[in-house]
Amino acid sequence: MILQDDLELIDWVLGITSERASPGDFLRAVAEAATHADWENYPILRPALLELKKKYPYYSEFGKRGGK
């Protein structure tokens, strides 16, 4: 699996990397890594992404407040 196939996380990750979002440097770096991760490395990042999404749900729906 890669990010582009991950319907659970792609919206949230793209919300972080979009220009409208203003996450911290760490969160943006992890999101950028996820967008570049290949089939071998994305599954390693995915558990961390799920935990970060719980902690920072704000970025769901491309950075809109009150995301799903």
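The values are calculated or read from the model by the stated rules, or taken from the named source; none is laboratory data. Treat the numbers as computed from the prediction; the structure is a model and nothing was measured. Cβ coordinates were reconstructed from backbone atoms using ideal geometry, including for glycine residues, and neighbour counts include every protein chain displayed.
For the stretch 22-55, name all the residues that are free of Cβ contacts under 8 Å to residues at least 12 places away in the same chain and either surrounded by 14 or more Cβ atoms within 10 Å (Cβ to Cβ) or closer than 16 Å to MET1 by Cβ (or both).
Listed by number, the residues that qualify are HIS36, GLU40, ASN41, ILE44, PRO47.
Out of the stretch 52-67, which residues are closer than 8 Å to GLY15 by Cα, small (Gly, Ala, Ser) and modelled with pLDDT under 55?
GLY63
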